[in-house]
Amino acid sequence: MVILPVILLLSAVTYIFYDSHWRHTSRKLSQTMASEIEFMVGLRDRYPGQFDMLRDDAREAMQLDVTVLENETLPTEQKELFFSALDDILSRELDVSLDQPFWFDISGYGETVEIRVQDGDDVLRFLAERDRTFSTTGHIFIVWVIGATGILIALALGFLRNQVRSILKLTEAAKAYGRGRDAGNYRPSGATEIRDAARAVMDMRTRLTTFAEERTTMLAGISHDLRTPLTRLKLQLAMMDDTPEIQDARQDLQEMSVMLDEYLAFASGKEGEQSATFRFDELVDEIVAALGGQAHIRATTPVTIIARQGLIRRAVSNLISNAQGFAEKVEIEVIEGPHMAELIVDDDGPGIPEEKREEAFKPFHRLDDSRNQNVPGTGLGLSIARDTARQHGGDIRLEESPLGGLRVRLRLPA
């Protein structure tokens, strides 16, 4: 975004300078030099006896040193330049001005340029100043442009690096807030827009935290208010004769108490719990051992995560209990993936059709045609588990199990 436009601009400026200024100037200088050499060759033909005097005049007036090499021929090897444009310009101008064969050498880095012209049996060697033959200051402009461009790119990259660092810090803080973690001593930094966005994220987190705390406090009060009459009803029923009707009433009160716990757990989400580092595979082992039943761990990999352990424990317990309630065989696997911890729960139960798997996550929703509606529950197990996973930056997917039933795949950031 920054380097490419600067490089394109540098290329355009360099091309324009080379084509319109440097090349034009070098051509004019080479043309003048070729004309002076042509002039000296013509003077030797017209005034052979006075040529020594004319050479002295050329040295003083035109800074052109002329030497006659008697009974010699031109060199056969032509030195090639890395930058062949100079060679082409001078060769073209000499070819236009001279009828005689010529040879030149401008490959050196000295102050002079050597040009030789075959004049009969002799060779005229001309030594001219380099800056009179072509423009020698073009490289200064190129170096200046490249240097200035490098400085500008360095400044721009330094500025962008600071801004990107601020954006990355904001991203990490937002991820931490979304997963229920503390972002530490995060402070908005960077450009004004980035600081405004950071303050908006922090204000939003404060409002959400306040709302969650108020909701938890309200639900705690509701729980207390509802448990009091339920407790009185339980005491009254306990003092009554043990009849079938009384037993049914006691069972109804017990189910109401369990449902109340489920509703409060779903609504509150244990917002006050802080994230901690713990072994996810060990937590799964404890839950499987506590639940008992037909569930067994097929394979496990040591993996450590940072999460609210109480919520994760409840979510995993819900998934395993749900599988045990509808199947005779349950297999569990813990996998450490790239940046993720994965729990797989397979069962051989009736499963859930693919088109109804999303409905299974709806609160208080039960799939009558694929799950036994006589199994006790409130229809909140999967809802609580997915809500917990997404609070921590993960998710839950339902798939077809190799055992013939349902596969639940829980993924959490590691």
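How much area per residue is accessible in the chain when the probe is 1.4 Å and only protein heavy atoms are counted (Å²)? Please report the intermediate quantities before stating the final value.
Numbers: 24150 Å² over 414 residues.
I get 58 Å² per residue for the chain.
With only Lys, Arg, Asp and Glu charged, each at its Cβ (+1 for the first two, -1 for the last two), find how big the charge dipole of the chain is about the Cα centre; round to the nearest 20 debye. Mind showing how you got there, number by number?
Working: 47 positive and 66 negative charges, 476 e Å.
Result for the chain is approximately 2280 debye, rounded to the nearest 20.
In the chain, taking the dipole from charged Cβ atoms about the Cα centre, the farthest positive-side position among Leu319, Ser189, Gly405 is held by Leu319.
Counting only protein chains, not ligands or nucleic acids, how are Met62, Met256 ordered by accessible area (probe 1.4 Å), most first?
Met256, Met62
Only one residue of Val41, Thr210, Ala85 has its Cα farthest out toward the positive end of the dipole of the chain, where Lys and Arg carry +1 and Asp and Glu -1 on Cβ, and that residue is Thr210. Cut-off 10 angstrom, C-alpha nodes, Gaussian network model of the chain. Which of Thr112, Thr210, Thr300 fluctuates the most? The residue that fluctuates most here is Thr112. With θ taken as phi - 60° and the Karplus curve 6.51 cos²θ - 1.76 cosθ + 1.60 applied, the whole-hertz 3J(HN,Hα) list for the stretch 313-330 is 4, 5, 5, 5, 4, 4, 5, 5, 4, 4, 5, 5, x, 10, 9, 9, 10, 10 Hz, x standing for glycine and proline.
Across the chain, how large is the tail of the calculated P(r) beyond 30 Å, expressed as a percent of all Cα pairs? Across the chain, Cα pairs with separations above 30 Å total 67 percent. Evaluated over the chain, the count of Lys pairs having alpha-carbon atoms less than 27 Å apart is 6 (only pairs 8 or more residues apart or interchain). Within the listed set Gln100, Gln254, Gln274, the residue fluctuating most in the Gaussian network model of the chain (springs between alpha-carbon atoms under 10 angstrom) is Gln100. Given a 1.4 angstrom probe, I'd like the percentage of the accessible area of the chain that is carbon and sulfur, rounded to a whole number. C and S atoms contribute 55 percent here.
The angle between the Cα long axis of helix 84-97 and the main principal axis of the chain comes to about 30°, on a 0 to 90 degree scale.
For the chain, the longest principal axis of the alpha carbon atoms and the long axis of helix 192-238 meet at an angle near 10°.
The values are calculated or read from the model by the stated rules, or taken from the named source; none is laboratory data. Here the structure is a predicted model, which is why all the values come from computation and not from measurement. Quick reminder, even Gly has a Cβ in these numbers, built from the backbone with ideal geometry, and neighbours come from all protein chains shown. Accessible surface is based on the protein model in full, side chains and every heavy atom, while ligands, DNA and RNA are left aside. Shrake-Rupley method; radii C 1.70, N 1.55, O 1.52, S 1.80 Å.
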